[in-house]
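Novice: Sharing a structure, written as structure tokens. Questions coming.
The values are calculated or read from the model by the stated rules, or taken from the named source; none is laboratory data. Computed from a predicted model, the values in this text were never measured in an experiment. Neighbour counts are summed over all protein chains in view; Cβ atoms, including those assigned to glycine, are modelled from backbone coordinates with ideal geometry.
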Amino acid sequence: MNEIDIRLDCDRYTKYSNLINKGDEIICPECSKHKVNISETFRISINREKILRKEVELFFEKLELNNLNDCIEKHFDEITFQIDIHCESIIEKINVYRIDLIEKVKKKRNEIFSQLDIIKKSEMNSLNKNTFIDELNNTENLFDKLEIEENIKQKLTEKVRMEDEIIDQTKKYKFVQSEKNDIKDLIGILDGLFFNDLFINYLTMLTTIIITTTVTLQIIFS
């Protein structure tokens with residue numbers, strides 16, 4: 001953005017960085033013979049078109065760098081990894097509970113990818129930088145270019161907003177590890193997901209039966 005050439009009233013050009021954040025009005029950085037109203041200078045059509053084009057290009061670059069699939073996969077893979085590591089030290093009687101947690105992670109991951117598929121199938125997903133540049137190159141009228149850029153910028157802004165919402169939604173779900181002896185507290189919970197209390201009660205009862213049986217057998221064979 002800083003390297004954009006901005007046209008001044010004196011018909012000279014200066015870099016965008018020489019004007020931005022300099023206040024409302026400055027002495028011309030090129031000829032020093034007149035004052036430059038920065039906001040009015042940016043509103044000149046040729047300058048506005050350059051700024052808009054660069055903003056749109058920056059949006060494209062952000063979307064190219066923001067690999068949403070990897071971000072979601074990495075987040076849920078990390079949750080799964082934490083669950084597996086913690087469960088390695090737990091005996092087989094609570095393995096059913098671990099599997100249940102993993103299934104809930106997969107279910108939530110699939111729900112979020114379903115939302116992502118909606119974006120992919122929308123018109124916004126067909127936007128790409130090359131098409132944008134080709135369309136501008138094939139458009140001679142400056143005001144038509146501005147209209148194209150404004151339209152693309154609005155769509156890209158909306159796409160970024162939707163993707164950020166999905167990322168924020170993804171990061172709500174975390175594996176919260178606990179060190180308590182209760183089976184639920186021992187393994188942890190998936191924050192943000194609904195758990196079936198009946199299933200937890202069943203696991204607690206099963207654990208009690210196993211522990212009681214083990215103690216009884218130890219007494220018998222001791």
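Novice: For region 35-47, does any single residue satisfy the condition of being of a type in the set (A, V, I, L, M, F, W, C) and under 30 Å from Gln169 (Cα atoms)?
Specialist: At the first step, the residues of region 35-47 found to be of a type in the set (A, V, I, L, M, F, W, C) are 36, 38, 42, 44, 46.
Add one more test, that the residue is under 30 Å from Gln169 (Cα atoms), and what stays is none.
Checked region 35-47: no residue is of a type in the set (A, V, I, L, M, F, W, C) and under 30 Å from Gln169 (Cα atoms).
Novice: Having 2 or more residues that are in contact with a strand residue (DSSP E or B) (Cβ under 9 Å, 6 or more places away or on another chain) and more than 29 Å from Leu156 (Cα to Cα) is the bar; report the strands (runs of 3 or more DSSP E) wholly within region 1-57 that clear it.
Specialist: Details: elements: 5-7, 13-15, 25-27, 35-37.
By residue number, 25-27, 35-37.
Novice: Here is a follow-up. Of the residues that sit in region 111-144 and are of a type outside the set (S, T, N, Q) and in contact with a Lys or Arg (Cβ under 8 Å, 6 or more places away or on another chain), which one is nearest to Lys172 (Cα to Cα)? Break it down into steps so the answer makes sense when it comes.
Specialist: Kept after step one, since they are of a type outside the set (S, T, N, Q), are these residues of region 111-144: 111-113, 116-121, 123-124, 127, 129, 132-136, 140, 142-144.
Retained after the next criterion (residues that are in contact with a Lys or Arg (Cβ under 8 Å, 6 or more places away or on another chain)): 119, 123-124, 127, 136.
Numbers: Ile119: 20, Glu123: 28, Met124: 25, Leu127: 29, Leu136: 40 Å.
Selected residue: Ile119.
Novice: For region 15-35, what are the residues that are at negative phi and either in the same structural domain as Asn141 (by TED's automatic domain parsing) or out of contact with any helix residue (DSSP H, G or I) (no Cβ under 9 Å at 6 or more places or on another chain) (or both)? Please lay out each step first, then the result.
Specialist: Within region 15-35, the subset at negative phi is 15-20, 22, 24-31, 33-35.
Lys15, Ser17, Asn18, Ile27, Cys28, Cys31, Lys33, His34, Lys35, listed by residue number.
Novice: Can Asn37 be described as at pLDDT below 85 and among the polar types (S, T, N, Q)? Write out each step before concluding.
Specialist: Numbers: at pLDDT below 85: no; among the polar types (S, T, N, Q): yes.
For Asn37, the condition - at pLDDT below 85 and among the polar types (S, T, N, Q) - is not met.
Novice: Something else now. In region 145-160, which residue that is charged (D, E, K, R) and modelled with pLDDT of 85 or more is nearest to Leu116 (Cα to Cα)?
Specialist: Ranking the candidates gives Lys153 first.
Novice: Would you mind stating whether Lys121 is closer than 29 Å to Phe76 by Cβ and assigned by TED's automatic domain parsing to the domain that holds Gly188? Please lay out each step first, then the result.
Specialist: Working: closer than 29 Å to Phe76 by Cβ: yes; assigned by TED's automatic domain parsing to the domain that holds Gly188: yes.
Against the criterion (closer than 29 Å to Phe76 by Cβ and assigned by TED's automatic domain parsing to the domain that holds Gly188), Lys121 qualifies.
Novice: Of the numbered conditions (1) farther than 16 Å from Ile79 by Cβ; (2) at pLDDT below 80; (3) in the same structural domain as Leu58 (by TED's automatic domain parsing), Tyr202 fails exactly one; give the number of that condition.
Specialist: With (1) farther than 16 Å from Ile79 by Cβ; (2) at pLDDT below 80; (3) in the same structural domain as Leu58 (by TED's automatic domain parsing) applied to Tyr202, the lone miss is (3).
Novice: Between a first residue in region 126-150 that is on the phi < 0 side of the Ramachandran plot and a second residue that is surrounded by 12 or more Cβ atoms within 10 Å (Cβ to Cβ) and of a type in the set (Phe, Trp, Tyr), which pairs have beta carbons less than 6 Å apart while being 6 or more apart in sequence or on different chains?
Specialist: Lys129/Phe60
Novice: Please pick out the residue among Glu40, Glu61, Glu78 that is surrounded by fewer than 15 Cβ atoms within 10 Å (Cβ to Cβ) and within 15 Å of the chain's Cα centre (by Cα).
Specialist: Values: Glu40 fails: within 15 Å of the chain's Cα centre (by Cα); Glu78 fails: within 15 Å of the chain's Cα centre (by Cα).
The conditions single out Glu61.
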